[in-house]
Amino acid sequence: MEYLPIFAQLKGRSCLVVGGGSVAERKVAQLLLAGARVTVLSKEMTERLKELRGKGKIKYEVGPFSRADLAENWLVIAATDNRSANKEVAEAAEAERRLCNVVDDPALCSFIMPAIVDRDPITVAIGSNGQSPVISRWVKGIIESVLPARLGALGRLVGRWRGPVRRAIEGTEQRRRFWEHMIAGPIPEQIFAGQDCTNTLDAALKQWKGETDSHAGQAYIVGAGPGSPDLITLRGRQLLSQAEVVLYDRLISTEVLAYARRDAELISVGKTPGQPSITQKQINRLMVQLVKEGKRVCRLKGGDPMVFGRAGEELEALAEAGLPFQIVPGVSAVEGCAAYAGIPLTHRDMAHSVILTTGQTQDGVVDLSEFKPGQTLALYMGVAKYTDVEKQLIDNGHDPNTPVVIVERGTTTEQRVIATVLKTLAKATKKFEISPPALLLVGETIRYAERYSWFAPERLMIFRDEEKPPLARVC
Ligand code: SAH
C-alpha cells in the first residue's frame, strides 16, 4: 500500500489552495464541506470563488506564493495550470512538512484526494495511488449503487445512541454484539423507510439487559469457493464478517480472509497432504471448545464444505455437543474449474451425469470402474495418481483419445488449463509439472476447453504428443 488512507479532521483548521481556476474551485468546495478555513492564493479567480469571497466563506490573497504562506496552514493544494508553479509549492511544503496535493501530478503529491461516497457520517474513500482516477470513479459508482441513500441516517442514529448504550451495557464486547444484533434486525430497513426507530431501540436496549444467554456461540461452516475471492457467496461473506474466530483451510486466499473482521482471530487449520499437521479430531475439538466459550466461529473451507470437505465430521461433533451451526454452500472446484475453462459438465448429446470422485482414498486405491462413456468424471486431489488413472481408464475400455483437462489453481490469477487426451495424461502432468490444487476432468465435453477456455487464455496449453514419423531411409 503506497498511501495510507486516513480521514482528516479539518473543521476550523486553515488550508491553503494555490490557484483560482475551476480545478481549484472544486478543491475549495471539498475543503469547505469538511469545515476547513480556506485561503485561496491566486491572481485570478472564477466567478464562484469570487462569490464565496463576497460571502466571507474564503480568504483571498493575490500572491505570489512564498514559503511563508504555509506557516498557518495544515495542508496545501497546488491547483494552478503551471507545472513549475505547482512544483514550487510542493517543494516548499516538503521543506515545511506540510501535506501537499498537486492536482493531476501524483509524483509531486504527499497526499492524494480520494473519490468519495458520502453518506455522512458513513464515508467511503476510494483511491488508486493516483494511478487511475477513472477506475476509482467506476468503483465509486458501484459503491454508490449498493449503499442505501439513507445510510447516513442509520449512522447518525447509532451515533446518538452510543452514550445511552454505553451506560446500559457493560463491556465493549457486549456492546458490539448489541449493535450487531440491531444492525442485523429490522432497524436499518425502518430507517431507510424514513421511520423513527427510537422506540424500537429503547425497547431492544431494555430487553437486552435481561438477556445474557441469547448470544451464545455458533458455528458457521462456510464454503469459500475455489480460489477467486469473488466466488464466495453473499451469505458466506456476511457470516465471515460477523465471526470472532475464523478457522481456515490451507487453500483459502488472503483476499477472502480480508473479508473477516479486523479484530477476528484467524487460525490456520490447514492440512498439507503427506505432512504432519493438525488432525481432523483436533479441529473438531477446537471448534466445539470455541463455540462453547460463546464465540461465533466461522469454519472456512475451500470450495463447497460438503464436497470432499469433511464437514460431515465437523457438524456431527457440533451436534453431539448440542451446539448450533449453519452451513453455507460454496462454488466447488468442479463448478469453478469447469466454468473458468469453458467446459459444460453435462451436455444433451455427450454427457448425462457427472461423477465426483477423489484420487486420494484412505486405502490408497482409486476405483474408477463406475465411470462410463457418456459421463463426465471429475477427480479431486491425487495429482500423483494420474498415471494410475490413465492406465485404469484405458484398461477399463475407455478410448485413449478421450479428451481430458487438468485445471491447476482454477479461478485464481494463476490458473493453468492443460488440455490433452487420456493416453497422454501422465506425460502432460510431468511435462507441465502439475502441482496441487488441481482438478482432473475426463469426458467428451472436455474438448470444449480447447476452444472456450476464456479465463487467462494465455495459460491454456493444448498438449498432443505427436509421435515422430519414422525417419525415411536414405539409400
Ligand atoms: N471442498 C472442496 C474440495 C476440497 S479437496 C471443493 O468443493 O472444491 C481439495 C481438492 O479440491 C484439491 O486437491 C483439488 O483437486 C480441488 N481444488 C480445490 N481448489 C481448486 C482449484 N482452485 N483448482 C483446481 N482444483 C481445486
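The values are calculated or read from the model by the stated rules, or taken from the named source; none is laboratory data. Keep in mind that what you see is a predicted model, and the values were worked out from it rather than measured. Counting neighbours? That spans all protein chains shown, and the Cβs are built from the backbone with ideal geometry, glycine included. The accessibility values were calculated without ligands, DNA or RNA, using every heavy atom of the protein model including side chains. Shrake-Rupley method; radii C 1.70, N 1.55, O 1.52, S 1.80 Å.
Quick check: anything in region 296-307 under 18 Å from residue 437 (Cα atoms), of a type in the set (Lys, Arg), at pLDDT 95 or above and not assigned by TED's automatic domain parsing to the domain that holds residue 184? Walk me through how you get there before you give the answer.
Let us first name the residues in region 296-307 that are under 18 Å from residue 437 (Cα atoms), namely 300-307.
Imposing the further condition that a residue be of a type in the set (Lys, Arg) reduces the set to 301.
After this cut, where a residue has to be at pLDDT 95 or above as well, the list is 301.
Right, trim to not assigned by TED's automatic domain parsing to the domain that holds residue 184 and you get 301.
Checked against the condition, which is being under 18 Å from residue 437 (Cα atoms), of a type in the set (Lys, Arg), at pLDDT 95 or above and not assigned by TED's automatic domain parsing to the domain that holds residue 184, region 296-307 yields at least one hit.
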For region 427-461, enumerate the residues that are away from the ligand (no atom under 15 Å from the Cβ) and either within 23 Å of residue 347 (Cα to Cα) or within 27 Å of the chain's Cα centre (by Cα) (or both). 443, 444, 445, 447, 448, 450, 451, 452, 454, 457, 458
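Only residues that are of a type in the set (A, V, I, L, M, F, W, C), within 16 Å of the ligand (Cβ to nearest atom) and open to solvent by 60 Å² or more (accessible area, probe 1.4 Å): list them for region 323-332, please. Spell out the reasoning first.
As a first pass, look at region 323-332 and keep what is of a type in the set (A, V, I, L, M, F, W, C): 323, 325, 327-328, 331.
Pick out the ones that are also within 16 Å of the ligand (Cβ to nearest atom) and you get 327-328, 331.
The one that is of a type in the set (A, V, I, L, M, F, W, C), within 16 Å of the ligand (Cβ to nearest atom) and open to solvent by 60 Å² or more (accessible area, probe 1.4 Å): 327.
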Quick one: in region 338-348, which of the residues that are in a helix (DSSP H, G or I) and open to solvent by 10 Å² or more (accessible area, probe 1.4 Å) is farthest from the ligand (Cβ to nearest atom)? 339
From 144, 88, which residue is open to solvent by 30 Å² or more (accessible area, probe 1.4 Å), under 30 Å from residue 66 (Cβ atoms) and either without any contact (Cβ under 8 Å) to a residue 60 or more places away in the chain or of a type in the set (Lys, Arg) (or both)? 88
Considering only residues that are under 23 Å from the mean Cα position of the chain (by Cα) and either surrounded by 23 or more Cβ atoms within 10 Å (Cβ to Cβ) or away from the ligand (no atom under 11 Å from the Cβ) (or both), which ones fall in region 303-317? 303, 304, 305
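Against the definition (touching a helix residue (DSSP H, G or I) at 6+ places or on another chain (Cβ under 8 Å), without any contact (Cβ under 8 Å) to a residue 60 or more places away in the chain and surrounded by 18 or more Cβ atoms within 10 Å (Cβ to Cβ)), how does residue 126 come out, yes or no?
Criteria met by residue 126.
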Count of region 147-178 residues which are farther than 30 Å from residue 127 by Cβ and either touching a residue at least 24 places away in the same chain (Cβ under 8 Å) or not assigned by TED's automatic domain parsing to the domain that holds residue 199 (or both): 7
Count of residues meeting criterion [surrounded by 10 or more Cβ atoms within 10 Å (Cβ to Cβ) and within 15 Å of the ligand (Cβ to nearest atom)] in region 357-367: 6
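For region 376-383, indicate whether the set of residues that are open to solvent by less than 10 Å² (accessible area, probe 1.4 Å), of a type in the set (A, V, I, L, M), under 25 Å from residue 305 (Cβ atoms) and within 12 Å of the ligand (Cβ to nearest atom) is non-empty.
Going through region 376-383, the residues open to solvent by less than 10 Å² (accessible area, probe 1.4 Å) turn out to be 376-379.
With the extra rule that they be of a type in the set (A, V, I, L, M), the set shrinks to 377-379.
When the remaining residues are screened for being under 25 Å from residue 305 (Cβ atoms), the result is 377-379.
Subset that is within 12 Å of the ligand (Cβ to nearest atom): 378-379.
Among the residues of region 376-383, at least one is open to solvent by less than 10 Å² (accessible area, probe 1.4 Å), of a type in the set (A, V, I, L, M), under 25 Å from residue 305 (Cβ atoms) and within 12 Å of the ligand (Cβ to nearest atom), which makes the answer yes.
Within region 188-302, which strands (runs of 3 or more DSSP E) (wholly inside it) include 3 or more residues that are open to solvent by 20 Å² or more (accessible area, probe 1.4 Å)?
On the way: elements: 218-223, 245-248, 265-268, 296-301.
Because the criterion is at least 3 residues that are open to solvent by 20 Å² or more (accessible area, probe 1.4 Å), the strands (runs of 3 or more DSSP E) in region 188-302 that meet it are 265-268.
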Within region 66-123, tally of residues that are over 21 Å from residue 37 (Cα atoms), under 30 Å from the mean Cα position of the chain (by Cα) and of a type in the set (A, V, I, L, M): 4
Scan of region 248-302 for residues that are within 15 Å of the ligand (Cβ to nearest atom) and small (Gly, Ala, Ser), ordered by number: 253, 270, 274, 277, 302
Only one of (1) open to solvent by less than 60 Å² (accessible area, probe 1.4 Å); (2) in a helix (DSSP H, G or I); (3) touching a helix residue (DSSP H, G or I) at 6+ places or on another chain (Cβ under 6 Å) fails for residue 20. Which number is that? (2)
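Yes or no, residue by residue, for (1) in a helix (DSSP H, G or I); (2) of a type in the set (Val, Ile, Thr):
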residue: 117; (1), (2): no, yes
residue: 128; (1), (2): no, no
residue: 138; (1), (2): yes, no
residue: 152; (1), (2): yes, no
residue: 156; (1), (2): yes, no
residue: 160; (1), (2): yes, no
residue: 163; (1), (2): yes, no
residue: 170; (1), (2): no, no
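Picking from 408, 370, 335, 320, which residue would you name as being among the acidic types (Asp, Glu), farther than 14 Å from residue 442 by Cβ and more than 15 Å from the ligand (Cβ to nearest atom)? Outline the logic, then answer.
Working: 408 fails: more than 15 Å from the ligand (Cβ to nearest atom); 370 fails: farther than 14 Å from residue 442 by Cβ; 335 fails: more than 15 Å from the ligand (Cβ to nearest atom).
The unique qualifying residue is 320.
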